[in-house]
1. Considering only ILE217, GLN33, LEU50, whose Cα is most displaced toward the positive end of the charge dipole of the chain, charges sitting on Cβ of Lys, Arg (+1) and Asp, Glu (-1)?
2. Could you compute Rg(Cα) / (2.2 N^0.38 Å) for the chain, with N its residue count?
3. What part of the accessible area of the chain, given as a whole %, is carbon or sulfur when the probe is 1.4 angstrom?
4. Pulled fully out, how much extra length does the chain show between ASP184 and GLU83, if you take 0.36 nm times their separation in residues and subtract their Cα-Cα distance?
5. Find, among the trypsin sites (Lys or Arg not before Pro) in region 40-102, those assigned to loop by DSSP (not H, G, I, E, B) with at most 13 other beta-carbon atoms within 10 angstrom.
6. Jot down the radius of gyration and Dmax of region 22-106, Cα atoms only, both in angstrom.
7. Show that you can apply the helix-only estimate: for the chain, add -39,500 (n - 2.57) for every DSSP H stretch of four or more residues, divide by all residues, and state [θ] at 222 nm to the nearest 500.
8. Taking amide H atoms as placed 1.01 Å from N in the peptide plane, list the residues 5 or more away in sequence, or in a different chain, whose amide H sits under 5 Å from that of LEU120.
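The values are calculated or read from the model by the stated rules, or taken from the named source; none is laboratory data. This is a predicted model, so every value here is computed, not measured. Every residue, glycine among them, receives a Cβ derived from its backbone with ideal geometry; neighbour counts consider all protein chains shown. Surface accessibility is based on the protein's heavy atoms, side chains included, excluding ligands, DNA and RNA. Shrake-Rupley method; radii C 1.70, N 1.55, O 1.52, S 1.80 Å.
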Amino acid sequence: LKKLKRQDDMARRARFYVEVASLRILDHPRVAQLADSNADEYQGDDELFLITERISGDDLESLVNSRRVELLEALAIVDKVLETLEFCHLRKVLHRDLKPCHIITRDGNFYDPVLIDFGLAFSEGIERQADCTRASEGVGNRFIVLPEQLGEGEDKRDFRSDITQCVGILFFLLTGEIPGIIRDSQGKKPHERYRMPEFVGHASHYISRTLNRNFDI
């Protein structure tokens, strides 16, 4: 059960409606399914709520805090997340808030990671109807800070932002470090700031080179 915290904020009420409307068109086994909501009444004064299915299992933050994630495990998780994102993107829905606590491995199965919390989702048709996201409005999270999501403009409505956040998830699974800003004051990217684990270094030259190339991009 999720209730809107600031029920008197019309912009947040409209955003809540976008979240629910997005979930309605995302009928996918790795997206937490909507069970009930009264978000259609966002223009009124009813207390808005939404209910989704309960996903049993650990989120990725808890997983990394409990033990080291092996390379093949991390790749399996990210591969399925990318498949789910592709499904969302084909339906013109961007998540825009991918981070470890928003991905749950159902019953601990690395091949069944479930996306939750579409509170910052963007869907052009739904947004136009709700009229809630301004170009000057910042979105995203501090897990990985994307420059296009901070300033004004339409860049924050780009599918590539989701992909970049997903690469940040892979980086976190392998290192246990939050990628944060794309470049620090010395111009270093996350994978240049932190030492990669030995088990990645012991992988084949091709795998290590491919990982670094993806992190570079």
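1. ILE217
2. With N residues counted in the chain, Rg over 2.2 N^0.38 Å equals 1.06.
3. On the way: 5590 of 11720 Å².
Of all accessible area on the chain, carbon and sulfur atoms account for 48 percent.
4. Values: separation 101, 0.36 × 101 = 36.36 nm, distance 3.07 nm.
Stretched out fully, the ASP184 to GLU83 stretch lengthens by 33.3 nm.
5. Loop-located and lightly packed - ARG54, ARG67, ARG68, ARG91.
6. Cα radius of gyration and Dmax of region 22-106 are 15.3, 49 Å respectively.
7. Working: 8 runs with 86 residues, N = 217.
Dividing the helical sum by the residues of the chain leaves -12000 deg cm²/dmol.
8. none
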